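Here the structure comes first, spelled out in structure tokens, and everything after it is commentary.
The values are calculated or read from the model by the stated rules, or taken from the named source; none is laboratory data. The model shown is predicted, which means the values in this text are computed figures rather than measured ones. With ideal geometry, Cβ positions are generated from the backbone for all residues, glycine too; neighbour counts draw on all protein chains shown.
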Amino acid sequence: MDIKQQILRMLESNRGRSVNGSLMAEKLSVTRSAIWKNIKQLQDEGYQINAVRNLGYCLEDSNDILTSESIAPYLRGKARHFNLDVRKTVTSTNTLAKKMAVAGASEGTVIIATEQTDGRGRMGRRFYSPDSTGLYLSLILRPKLDLNDSLLITTSAAVAVAKAIERHTKNDIQIKWVNDLFMNGKKVCGILTEASLNIENGGLEYAVVGIGINVTTKDFPDDIQDIAGSIFSEKPEDKPIMSILAAEILNNLSVSMDNLTDHSYLLEYQERSFLLGKDILVLKGNDTFPARAIDIDDRARLLVEYPDGSKEALSSGEVSVKETK
């Protein structure tokens, strides 16, 4: 970590409070001039840092530039040990995370960005990911699960993200099976889990959980403007909401991903589902079949009943579902 990063970490840890320049210089074993030069560079990069005579340097509460240093103060428990790789722009956090997983990146590696130029959703759909209005992150996991239980990863992540959004917006989040989160009737988050199978033991070699949240996104493309929404109309001015939200999601994931097989989160998932008890259309290839969503089982499959009385347990790899109009 270079001097500028160390200074930024000290300022982030004391956000809203002044840090004495002499004490920073002493702690980092550099001159006061070096501190000043690096502070100036941070200011030039957009950081809102005030210099107060006889007090030092203060990073303003409203500063919301997303970095590993800005996220770190809000991490708890096992999430503190995650390896954060924060970038301004990527093609896709999932694409990058998968490459890193193949190359041997450890569990707990997290790619975070504020823009994706080629964001992806399920079934090859594009995920709209404009600059600075959304939060996009992917977490590498190496779970001890077989392929049949891989759906548990997505459902557990959905609950973790829902709880994080609810905590900081005070709005209820509903889940559309299997991976879409809705607030006030609009989709505000999508989750894409991609995995690699270990052929020798039938388990997962790795899994990548990708999460995309519309934080203050507006001006959606025509094909999604009627269904997409954001969790805030404007960013809160008194706190770094991007950093806080990223940390809260990681805190929740660090707990839920350790408890995948105990199914404790499935009740919360079921309670947030807005499909259960409703008439839906099941999509299979180019065909659609009317059905009723009746339950979510202990493997997170959606149980549906067709008009003839027959029932089926649906997994994400087989179908997509949508409500009837």
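On the given criteria, is L55 outside the structural domain of M257 (by TED's automatic domain parsing), at pLDDT below 95 and in contact with a strand residue (DSSP E or B) (Cβ under 6 Å, 6 or more places away or on another chain)?
Judged against the criteria, L55 is a match.
Here are some residues: R15, R9. Which one is at negative phi, outside any helix (DSSP H, G or I) and not assigned by TED's automatic domain parsing to the domain that holds L84?
Among R15, R9, only R15 is at negative phi, outside any helix (DSSP H, G or I) and not assigned by TED's automatic domain parsing to the domain that holds L84.
Got a number for residues in segment 152-182 being surrounded by 21 or more Cβ atoms within 10 Å (Cβ to Cβ), hydrophobic (A, V, I, L, M, F, W, C), within 16 Å of the chain's Cα centre (by Cα) and not in a loop (DSSP other than H, G, I, E, B)?
The total comes to 11.
Taking the conditions exactly as written (within 17 Å of T109 (Cα to Cα) and in contact with a helix residue (DSSP H, G or I) (Cβ under 6 Å, 6 or more places away or on another chain)), does L59 satisfy them or not?
Against the criterion (within 17 Å of T109 (Cα to Cα) and in contact with a helix residue (DSSP H, G or I) (Cβ under 6 Å, 6 or more places away or on another chain)), L59 does not qualify.
What are the residues in segment 39-93 that are surrounded by fewer than 17 Cβ atoms within 10 Å (Cβ to Cβ), not in a loop (DSSP other than H, G, I, E, B) and not aliphatic (A, V, I, L, M), if any?
K40, Q41, Q43, D44, N50, P73, G77, K78, R80, H81, N83, R87
Return the residue satisfying two criteria in turn: it lies in segment 98-116 and is aliphatic (A, V, I, L, M) and in contact with a Phe, Trp or Tyr (Cβ under 9 Å, 6 or more places away or on another chain), and of such residues it is surrounded by the fewest Cβ atoms within 10 Å (Cβ to Cβ).
Among them, the one singled out is V102.
Looking at (1) of a type in the set (K, R); (2) in a loop (DSSP other than H, G, I, E, B); (3) in contact with a strand residue (DSSP E or B) (Cβ under 6 Å, 6 or more places away or on another chain), can you tell me which one R292 breaks?
Result: R292 fails condition (2) only.
With the requirement that a residue be within 19 Å of L181 (Cβ to Cβ) and hydroxyl-bearing (S, T, Y), what does segment 255-285 give you?
S256, Y265, Y269, S273
Assigned by TED's automatic domain parsing to the domain that holds E268 and either assigned to a helix (DSSP H, G or I) or free of Cβ contacts under 8 Å to residues at least 24 places away in the same chain (or both): does that describe L137?
So L137 does not fit the description; no.
For the list (1) in contact with a Gly (Cβ under 9 Å, 6 or more places away or on another chain); (2) not assigned by TED's automatic domain parsing to the domain that holds R142, I need the number of the one condition that K40 fails.
(1)
Please indicate, with yes or no, whether at least one residue in segment 114-127 is part of a helix (DSSP H, G or I) and more than 16 Å from the chain's Cα centre (by Cα).
yes
Every residue, every condition in (1) touching a residue at least 40 places away in the same chain (Cβ under 8 Å); (2) touching a helix residue (DSSP H, G or I) at 6+ places or on another chain (Cβ under 8 Å), yes or no:
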| residue | (1), (2) |
| --- | --- |
| A228 | yes, no |
| S233 | no, no |
| I249 | yes, yes |
| L276 | no, yes |
| F289 | no, no |
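Residue under question is P130, and the condition is that it be farther than 27 Å from G229 by Cβ and part of a loop (DSSP other than H, G, I, E, B); does it hold?
No.
Test K218 against the stated conditions and say whether it is surrounded by fewer than 16 Cβ atoms within 10 Å (Cβ to Cβ), in contact with a Ser or Thr (Cβ under 9 Å, 6 or more places away or on another chain) and under 30 Å from T67 (Cβ atoms).
For K218, the condition - surrounded by fewer than 16 Cβ atoms within 10 Å (Cβ to Cβ), in contact with a Ser or Thr (Cβ under 9 Å, 6 or more places away or on another chain) and under 30 Å from T67 (Cβ atoms) - is met.
Which residues, counting only those in segment 133-169, are of a type in the set (D, E) and within 22 Å of S230 (Cβ to Cβ)?
Residue satisfying the conditions is E166 alone.
Looking only at residues that are touching a strand residue (DSSP E or B) at 6+ places or on another chain (Cβ under 7 Å) and aliphatic (A, V, I, L, M) in segment 221-249, which one is nearest to E115 (Cα to Cα)?
Once the filter is applied, the top-ranked residue is M242.
Of everything in segment 38-57, what is closer than 16 Å to S22 by Cβ and of a type in the set (A, V, I, L, M, F, W, C)? Give them in sequence order.
I39, A51, V52, L55
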